[in-house]
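Shown next, in structure tokens, is the structure this report addresses.
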Amino acid sequence: MVRTALVASVPGPQGSSSPRGPAGGFDPSSLTRGEGPVVPVPADESHVYSALPCGVGAVALSGGWYVPGSANERLVRVAGPYPSSALEGWSFRLAYQGAARTSVTMTPYVVCAGA
């Protein structure tokens, strides 16, 4: 069994004060939602790639997509929703597993913060 002894100590001297820094925090008004063009996703392609940029000086926080029709949603496989390496946009890799020579459409979205 290990026992720890508590020893009272003497507090050190008070340090000097400095000017208060600027207030931090998150400004929700800096968020923007970008909607990309409709992207066709044919079943005959192994994957379709789409990228959606943020504005200059903004960074991507998240991304998403919309595929109309609940039956089609179940046949779309998203292989890679991810931010770009410098966080200036969001990228998507999708595949449609429907019947040959058919396709669906996908609308990409990105949520950005900043300038």
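The values are calculated or read from the model by the stated rules, or taken from the named source; none is laboratory data. Note that the structure is predicted; figures quoted are calculated from it, not measured. All Cβ positions, even for glycine, are placed from backbone atoms using ideal geometry, and neighbour counts span all protein chains on display.
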Scanning segment 77-94 for residues that are hydrophobic (A, V, I, L, M, F, W, C) and surrounded by fewer than 17 Cβ atoms within 10 Å (Cβ to Cβ), which turns out nearest to Arg33 (Cα to Cα)? Leu87
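So, in segment 95-115, of the ones that are in contact with a Lys or Arg (Cβ under 7 Å, 6 or more places away or on another chain) and surrounded by 15 or more Cβ atoms within 10 Å (Cβ to Cβ), which residue ends up farthest from His47 (Cα to Cα)?
Pass one, segment 95-115, residues in contact with a Lys or Arg (Cβ under 7 Å, 6 or more places away or on another chain): 95, 97, 109, 111.
Within this subset, residues satisfying the condition of being surrounded by 15 or more Cβ atoms within 10 Å (Cβ to Cβ) are 95, 109, 111.
Working: Ala95: 5, Tyr109: 18, Val111: 23 Å.
Only one residue fits best here, namely Val111.
For segment 31-104, which strands (runs of 3 or more DSSP E) that fit wholly inside it have 3 or more residues that are on the phi < 0 side of the Ramachandran plot and free of Cβ contacts under 8 Å to residues at least 60 places away in the same chain? Please lay out each step first, then the result.
Working: elements: 31-35, 39-42, 48-53, 58-66, 76-78, 89-96.
By residue number, 48-53, 58-66, 76-78, 89-96.
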Return a yes/no flag: does segment 82-102 have any residue that is at pLDDT 90 or above and among the acidic types (Asp, Glu). yes
